[in-house]
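The block underneath contains the structure these notes are about, expressed in structure tokens.
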Amino acid sequence: MIVTRVETHDFRNLQAVALDPHARFTVLCGDNAQGKTNLLEAVYLLGMRRSFRATRTSEMIRFGAEAATVRGRANVGALMRDVEVQLKADGRRVLVDGKGVRASSPKLEGLAAVLFTPDDLAVPRGSPSGRRQLLDTAIATVWPGYQQLGRDYQKTLATRNRLLREQPSGFAELLDVYDTQLAQLGAKIVAARRRYLAQLLPRFEDAFARIAHSGVRGTLSYRTDEALV
């Protein structure tokens, strides 16, 4: 995805901003609290349909405004896509080429952004859940339906855990049903993660060799001896 135009309206402290990024790279500079990170967040929002900072949609709406909009145009392969994210306190709406889309829509394929912050340096040494989250985010950018698979897993897991706490009538039979569903969804998630890493491996090996210059071969593997999610 190559962004060629970004517009914001009442997004964070950016009341009305329009930017045509350079074809190769763009440097943002300015004083503190001028909105540099907010503009990066807007670009990320166009690619990923979510913020890398906000936990609530209302946090992204300028103080005193009722709604915010981020629009952009991007080259995705051979196509030019117009993307718009409408933000209100009770949620958000995503439009691609003027039409509303769902999270699993094929129109979202290729619309992705890569974010690197100092916090990412802790991923290799951090918790396994952090690495799984990073992997899941990457998979969702190329296989939109994967996001729904993750939501289905979490919903089933939450229902199963509630069942364990409450233990209603017919508890044992219900638990078997949810255990089966959880195992099936978990197997699909593991298969998707392994498939993604297998496709990524040749590029990773090449990049590692060019950067390290040590003769040591870098590789990727997925271990399932810890909790799945």
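The values are calculated or read from the model by the stated rules, or taken from the named source; none is laboratory data. The shown structure was predicted, so the numbers you read here are calculated from the model rather than taken from an experiment. FYI the Cβ positions are ideal-geometry reconstructions off the backbone, even for glycines, and counts take in every protein chain you see. Ligands, DNA and RNA are excluded from the accessible area calculation, which covers all protein heavy atoms including side chains. Shrake-Rupley method; radii C 1.70, N 1.55, O 1.52, S 1.80 Å.
Across segment 93-101, coupling constants 3J(HN,Hα) worked out from phi with the 6.51/-1.76/1.60 Karplus curve, θ = phi - 60°, read 9, 10, 10, 10, 6, x, 10, x, 10 Hz, and Gly and Pro carry x. Residue ranking by accessible heavy-atom surface, 1.4 Å probe, largest first, among R49, R151 comes out as R151, R49. Using θ = phi - 60° in the Karplus curve 6.51 cos²θ - 1.76 cosθ + 1.60, the 3J(HN,Hα) couplings for segment 44-58 round to 4, 4, 5, x, 10, 6, 8, 8, 9, 10, 7, 9, 10, 4, 4 Hz; x is entered for Gly and Pro.
For the chain, modelled as a GNM whose springs connect Cα atoms under 10 angstrom apart, the maximal fluctuation among A65, A172, A42 occurs at A172. Show me, for segment 140-152, the HN-Hα J-couplings you get by feeding each phi into the Karplus relation (A = 6.51, B = -1.76, C = 1.60, θ = phi - 60°), rounded to Hz, glycine and proline as x. The phi angles translate into 5, 6, 10, 10, x, x, 5, 4, 5, 4, x, 5, 4 Hz. Non-local lysine pairs in the chain, meaning eight or more places apart or on different chains, with alpha-carbon distances under 24 Å, amount to 6. For the chain, the per residue solvent-accessible surface stands at 65 Å², with DNA, RNA and ligands left out and a 1.4 Å probe.
Across segment 112-185, the volume of the C-alpha convex hull divided among the residues equals 108 Å³ per residue.
When all protein chains stay in place and ligands, DNA and RNA are ignored, the 1.4 Å accessible-area order of I211, I139, largest first, is I211, I139.
What does the extension gain come out to for K36 and T219, with contour length at 0.36 nm per residue minus their alpha carbon separation? Let's see the in-between values first.
Values: separation 183, 0.36 × 183 = 65.88 nm, distance 3.58 nm.
Here the answer is 62.3 nm.
Taking label points 7 Å from Cα along the Cα-to-Cβ direction, V27 and Q133 give a separation of 3.2 nm.
Note on the chain: with a GNM built from Cα contacts shorter than 10 Å, the maximum mean-square fluctuation among R162, R195, R210 falls on R210.
Orientation-averaged projection of segment 1-143 equals 9.4 nm² [convex hull of Cα atoms, one quarter of hull surface area].
Looking at segment 54-109, the trypsin sites (Lys or Arg not before Pro) that sit in a DSSP loop and have at most 16 other Cβ atoms within 10 Å of their own Cβ are R56, R102.
At full extension, F204 and L175 could sit 6.3 nm farther apart than now, given 0.36 nm per residue minus the alpha carbon distance. Once a ≥ b ≥ c are taken as the square roots of the eigenvalues of the Cα gyration tensor of segment 72-229, is the result rounded (a/c under 1.5), prolate (a/b larger than b/c) or oblate (a/b not larger than b/c)? Oblate, since a/c reaches 1.5 and b/c is not below a/b. Determine the share of segment 81-147's accessible area contributed by carbon and sulfur atoms, expressed in whole percent, with a 1.4 angstrom probe. Heavy-atom surface of segment 81-147 belonging to carbon and sulfur, 1.4 Å probe: 53 percent.
For the chain, a Gaussian network of Cα nodes joined below 10 Å ranks N161, N75, N32 by mean-square fluctuation, and the top entry is N32. Note on the chain: helix-only mean residue ellipticity at 222 nm, from DSSP H runs of 4+ residues weighted -39500 (n - 2.57) and normalised by residue number, equals -14000 deg cm²/dmol.
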